[in-house]
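K.L.:
For reference, the structure I am asking about is given below.
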Amino acid sequence: QVSKQIYLVCIDWDFIDGQGQVFADFTAIYHVLNDEGALKIINVISHELDSSLTLTEPLDW
């Protein structure tokens, strides 16, 4: 959550063909606005999954 109205949502996508093989994968980060209860995507950023990493230390907010 960025603010009371804006959230970041991260989804790792796999596109799978009829034979069950992944033919495309990527990460998408959505900026979602809560507009009086209606959620609206206001921006999307995507990048290759191999650019992702897992942090070894937890983040404390």
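Rule-based calculations on the coordinates, nothing more; no lab input. Just so it is clear, the structure is predicted and the values come from calculations on it, not from any experiment. FYI the Cβ positions are ideal-geometry reconstructions off the backbone, even for glycines, and counts take in every protein chain you see.
K.L.:
Classify the chain as rounded, prolate or oblate from the Cα gyration tensor: take a ≥ b ≥ c as the square roots of its eigenvalues, call it rounded if a/c is under 1.5, otherwise prolate when a/b beats b/c and oblate if not. Walk me through the numbers before you get to the answer.
P.N.:
Working: a/c = 3.06, a/b = 1.43, b/c = 2.15.
The shape class here is oblate.
K.L.:
A further question follows. Which of the peptides 11-21, 39-49 is most tightly packed, and how do the rest follow, going by the mean number of other Cβ atoms within 10 Å of each residue?
P.N.:
39-49, 11-21
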